[in-house]
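None of the figures in this text is laboratory data; all of them are computed from the coordinates on show. The structure presented is a predicted model; accordingly, all values stated were derived computationally and were not measured. Cβ coordinates were reconstructed from backbone atoms using ideal geometry, including for glycine residues, and neighbour counts include every protein chain displayed.
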């Protein structure tokens, strides 16, 4: 996994750019390597579950997190494009309450590492997007929490024209000022 790692505006959230090798026949890149991840991205994390989901244009998911058994997430897009967002919920952090976003697409092959302690969400920019998420802990619905995607106190600048398509549970998320945090 030959990768270039860039720090985002929130130091612990990292943008990973895998290097692709290709010629006229096609291309190849290593999408994950535990040793290189530990050397260049973050140490002490092991992934236990993968999610592969398919969404249509303007679908907005999130902002999700687990208050107990928090999950680190390594996310990427294998078809289409999304705008992916992480919100820092670690009250001890100098970036507590701030958000960072990145465009992830099949074309750019970028991945985003979101460590435990963050809420996560995304909006689909292409007609269809296939989204892959590796997590450092299993999903526990009893611990899942949802921040309101359009909370003015967070002020996320979603990269979308018009209103997104939001599931009922995401539309009923709580405001940041009322949320359980770490």
Take the alpha-carbon positions of the range 7-106, form their convex hull, and give its projected area averaged over all directions (one quarter of the hull surface) in nm². 8.2
Kirkwood Rh, the range 106-182, all Cα pairs: how many Å? 14.7
Percent antiparallel among DSSP beta bridges (both partners in the chain, rounded to 5): 95
Say each of residue 56 and residue 19 gets a label point 7 Å from the Cα, pointing the same way as Cα to Cβ; how far apart are those two points in nm? 4.1
Plugging the Cβ-Cβ distance of residue 167 and residue 43 into 1/(1 + (r/R0)^6) at R0 = 22 Å yields, to the nearest 0.05, a FRET efficiency of 0.05
Could you state the per residue volume, in Å³, of the convex hull enclosing the Cα atoms of the range 93-136? 92
Expressed in nm², what is the orientationally averaged projection area of the convex hull enclosing the Cα positions of the range 139-180? 3.8
Taking Cα centroids, how far is the range 130-169 from the range 1-47 in Å? 24
Residue 96 to residue 160: extension gain in nm, 0.36 nm per residue of separation minus the Cα-Cα distance? 20.6 nm
When you count, for each residue, the other Cβ atoms within 10 Å and take the mean per peptide, how do 159-167, 99-107, 13-21 rank with the highest first? 99-107, 13-21, 159-167
Estimated translational D of the range 45-178 in µm²/s (Stokes, Kirkwood radius over Cα pairs; 10 °C; 1.306 mPa s): 107
Computed from the mean reciprocal separation of all distinct C-alpha pairs, what Kirkwood hydrodynamic radius does the range 54-109 have, in Å? 13.1
